[in-house]
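Here the structure comes first, spelled out in structure tokens, and everything after it is commentary.
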Amino acid sequence: MKFEQVFVETQVRDLPQTVKILKKLPEVPVREIRKIEDVFGRVRKPYLHKRTALNLYIGRKEGHLVKEAPDAYGLLGEPHFYFIHSYNCIYECEYCYLQGYFKSPDLVLFVNHEEIQAEMAAVLRRFPERERVWFHAGEFSDSLALTSLSQEWPLYWPFFEEHPRAWLELRTKAVNVRPLLQLGPLPNVVVTFSLSPEESTLALDRGTPGLGNRLAAMSRLAKAGFTLGVHYDPVVYRDDLESAYRELTGALLAAVPEQQIAYISVGVVRFTHEVFLEFKRNYPESTLLKEEMSASFDNKIRYPRPQRLFMLKTIRDACLELGVSPEKVYLCMEEDHPAAQGGEVARTAEATHR
Amino acid sequence: MSKLPSNMLLCFAHKGEARSFLKHYPFQPVAFPVEGLYRCEASLLLITGEGLQRTSEKLGAVLGGFYREIREIVNLGIAGALDERAKPGEVLSIRTCYGEGQNGPLFHSFTSRDGHATVDCISSVERVEDPEAAQRLAPFAPLVDRELWSIGSLAKRFALPFRSLKLVADRAGVDTREVCATLRLEDPGIPLLQAFRETFAGIVEDPAPVLAAENPLGPGFYCTASQQRRLESMLKALALKGGEENLAILKKAGIGEIRQRPIAPKARTQALLENLHALLNPFESRLRGILEEMVQPLAEAGFEVRFSPHLEQDWLEIKALLHNSGQTRKLGEALQRFTLEEIQALLNGDPQIYKKVDSSQ
Ligand code: SF4
């Protein structure tokens with residue numbers, strides 16, 4: 001990864017975290033700016049410029065640092081929040097919703113982690129009776145892809161050690177697990193990986209590590225005692241869906257013992273209208289464009305409902321047949337239709353993008 | 001003299017920048033309310049004048065009058081370097097242009113058709129005459145000019161592709177004044193002309209559209225504009241899916257048989273579009289086929305059955321006009337012969353029912 005320029009907010013220029021990041025980029029010209037918003041997103045920077053002209057912004061996140069996740073996000077009945085410590089991603093998954101989100105593909109790292117943690121602590125205080133309150137990282141980025149540069153997780157580990165009721169979910173496609181191995185596992189940290197069959201990974205997850213490497217990274221974490229999670233998301237239809245996901249789950253269970261898998265969530269590919277337009281513009285030859293998707297009841301682009309439910313349930317059945325406990329498999333539903341839920345946990349479409 | 005690519009509109013801010021082009025190609029002035037328009041065979045050349053406003057006015061008028069004969073807009077001119085990423089003396093092809101208005105950066109940006117270009121340019125609202133102004137713009141692009149954003153904006157409005165070749169004349173805000181004086185003496189058009197000729201030497205003109213614009217399906221069919229759009233997008237998706245040529249796809253969709261049907265040409269197109277949709281959506285068409293079979297007893301008894309739009313819910317509506325008790329009996333018999341549970345299991349994606357249907361076929 002090569003940055004064209006680094007923009008640093010004057011207010012964070014001398015913070016130790018900023019200095020640490022800049023030390024890793026000795027060759028890149030640095031420009032000081034007043035606020036990230038003065039430059040980032042002020043003009044519409046085409047998404048694919050990330051391939052050749054990626055900039056990095058370092059600043060302080062203001063406003064809400066921890067946000068409540070949409071209804072029914074994640075495991076049922078537990079409060080879910082996400083915190084924002086970065087924007088955008090170095091990878092280029094063709095279906096990524098970030099391509100329609102920020103009006104710029106440039107990377108943003110926020111360095112006011114202490115403030116983020118203070119807000120997390122405040123959230124915990126709001127739920128004194130709850131055994132678990134979830135904090136998801138990487139709603140707007142990959143949680144691990146940039147970690148060698150951003151170096152933030154050592155700052156969060158003490159917080160989660162001190163607050164066992166706070167649960168952290170990291171979500172990634174990266175295999176850069178050394179920083180986590182150095183920190184060691186915590187009972188309330190779940191490292192989740194997005195997985196799909198090898199051909200889908202090759203066709204759609206541009207620039208990401210291949211399936212074999214992701215499984216190997218998961219295996220290393222499992223051996224070190226980490227709890228892992230899996231996102232089969234987004235699932236793309238294929239005639240051999242059942243056997244493909246049976247094979248994938250088999251490979252997963254060979255890499256990670258079932259007891260160390262906290263959950264497998266399954267979600268079918270979908271786009272908002274704006275992201276779909278941007279996706280078509282960016283990847284006009286994408287294999288996803290031959291899919292049976294069309295504007296649905298809410299104008300989102302997705303498979304017809306019977307098909308997406310068929311896909312979710314076929315994959316769930318494949319997981320169960322291979323010995324995954326039923327309570328660990330949950331399906332990401334876009335609707336709260338009782339017949340569709342069948343006892344599973346619903347999760348909103350917007351909540352998941354990888 | 002090399003040949004000028006056809007159906008181009010070349011845009012320059014100043015006549016000085018266009019001098020070499022006017023000399024090299026036999027351009028003749030065009031009598032048009034907008035001053036500074038020239039023609040050479042099927043191509044045009046316009047001197048827009050400096051600044052976003054002037055460029056918008058003149059280019060807008062020319063595009064309004066001539067856009068049918070223009071295939072591409074090419075902007076040529078000088079630009080200033082905002083930092084070390086651009087070196088004075090280079091000619092650079094522009095990737096994306098940004099703009100600056102009276103109140104700061106303009107949100108919209110426009111990307112040229114040169115997929116290999118890697119340099120961006122921002123069009124400033126005023127001349128950049130001091131380092132502070134250059135610093136204000138440098139975060140957005142390494143080059144500054146005064147026109148390109150208007151050209152990109154109008155190109156988009158008229159659905160025309162554009163390119164831009166910029167000669168880096170100076171370090172904007174540092175040595176602007178001296179360079180302007182130099183440019184009066186030297187001819188910036190020479191390196192621009194050379195870059196223009198190199199750019200277009202290897203370019204093949206756009207291939208023919210996917211389908212003939214008029215009556216794309218040939219005799220026996222009539223396509224409305226929206227049908228044609230659907231046809232093109234489905235053919236493209238099917239080509240991606242199966243790697244087949246249009247002709248093979250249309251044959252698979254039964255174009256020959258549909259052509260013989262004794263129905264109106266527009267209805268034939270509709271039938272063909274439905275077959276293409278089925279080819280593109282095998283899961284959905286298979287499902288609809290199964291559902292149709294399942295409600296067959298009701299249809300045979302003369303009742304109308306409707307599913308939810310997009311099959312997004314698991315109900316079905318049965319409509320019947322009852323005139324006599326015979327029909328009531330028929331309805332009762334038909335209702336007994338079909339099972340709502342199975343239909344709902346299908347609509348709720350139950351894999352077991354799909355397996356059962358598969359094995360019974
Ligand atoms: S889907 Fe995730 S990993 Fe892929 S580009 Fe988007 S944020 Fe990055």
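Using only the Cα atoms of the protein assembly as shown, build the gyration tensor, take square roots of its eigenvalues as a ≥ b ≥ c, and label the shape rounded, prolate or oblate: rounded if a/c is under 1.5, else prolate if a/b is larger than b/c, else oblate.
oblate
Averaged across the residues of A:175-181, what count of C-beta atoms belonging to other chains lies within 10 Å of each residue's C-beta?
The mean count of partner-chain Cβ atoms within 10 Å per residue comes to 0.
Specify the angular offset, from 0 to 90 degrees and rounded to the nearest 10, of the alpha carbon long axis of helix B:189-201 from the longest principal axis of the alpha carbons in chain B.
With rounding to tens, the tilt is 30 degrees.
Which whole number gives the average count of other chain Cβ atoms within 10 Å of the Cβ atoms across peptide A:293-306?
4
Under the definition of Cα pairs under 8 Å and six or more residues apart, what whole-number percent is the relative contact order of chain A?
The value is 15 percent.
Add -39500 (n - 2.57) for each DSSP H run of 4 or more in chain A, then divide by its residues: what number comes out at 222 nm, to the nearest 500 deg cm²/dmol?
-9000 deg cm²/dmol
On C-alpha positions alone, give me the angle between the axis of helix B:282-294 and the longest principal axis of chain B, in degrees, nearest 10.
Between the helix axis and the principal axis of chain B, the angle is about 20 degrees.
With a cut-off of 8 Å between alpha carbons and a minimum separation of six or more residues, what is the relative contact order of chain B in percent?
Result for chain B is 13 percent.
How do A:ASP106, A:ASP239 rank when sorted from fewest to most other Cβ atoms within 10 Å of their own Cβ?
A:ASP239, A:ASP106
With a 10 Å radius around each residue's Cβ, average the other Cβ atoms per peptide and rank A:158-168, A:49-59, highest first.
Ranking, from highest mean packing down: A:49-59, A:158-168.
Hey, which of these cross-link pairs are over 31 Å Cα-Cα: A:LYS35/A:LYS300; A:LYS23/B:LYS166; A:LYS290/B:LYS3; A:LYS223/A:LYS328?
A:LYS35/A:LYS300; A:LYS23/B:LYS166; A:LYS290/B:LYS3
Seen from all sides and averaged, what is the projected area of the convex hull of the Cα atoms in chain A, in nm²?
Computed as one quarter of the Cα hull surface, the answer is 17.0 nm².
Using a/c under 1.5 as the rounded threshold, could you call segment B:225-280 rounded, prolate or oblate? The axes a ≥ b ≥ c are square roots of the C-alpha gyration tensor eigenvalues, and prolate needs a/b larger than b/c, oblate otherwise.
Taking the square roots of the gyration eigenvalues as a ≥ b ≥ c, segment B:225-280 is oblate.
Over 29 Å between C-alpha atoms is what I'm after, so list which of A:LYS2/A:LYS67; A:LYS20/A:LYS280; A:LYS103/B:LYS156 land there.
In this structure, A:LYS2/A:LYS67; A:LYS20/A:LYS280 exceed 29 Å between Cα atoms.
Roughly how tilted is helix B:265-280, in degrees to the nearest 10 and between 0 and 90, from the longest Cα axis of chain B?
With rounding to tens, the tilt is 90 degrees.
Measuring from centroid to centroid over Cα atoms, what is the spacing of segment B:76-121 and segment B:292-361 in Å?
So the separation of the two Cα centres works out to 62 Å.
So which cysteines in chain A don't have a second cysteine's C-beta under 4.7 Å from them?
A:CYS89, A:CYS319, A:CYS332
Using helices alone, what [θ] at 222 nm do you get for chain B, with -39,500 (n - 2.57) per DSSP H run of 4 or more residues, divided over all residues and rounded to the nearest 500?
That comes out to -13500 deg cm²/dmol.
Counting only C-alpha contacts under 8 Å and six or more residues apart, can you give the relative contact order of segment B:8-199 as a whole percent?
Relative contact order comes out at 27 percent.
Can you tell me the FRET efficiency between A:GLU274 and A:LEU48 if r is taken as the Cβ-Cβ distance and R0 is 22 Å, rounded to the nearest 0.05?
0.85
Using a simple spin-label model with points 7 Å from Cα along the Cα→Cβ vector, what separation in nm is obtained for A:ARG60 and A:GLU327?
Result for the modelled spin labels: 4.5 nm.
Assuming 0.890 mPa s and 25 °C, estimate D for segment B:8-199 with Stokes-Einstein, Rh taken as the Kirkwood radius over Cα pairs, in µm²/s.
Reported coefficient: 150 µm²/s.
Any read-out appearing in this document is the output of simple, stated calculations on the displayed coordinates, not a laboratory observation. It should be emphasised that the depicted structure is a prediction, and the values quoted were computed from it without experimental measurement. Cβ atoms come from the backbone with ideal geometry, glycine included; neighbour counts cover every protein chain shown.
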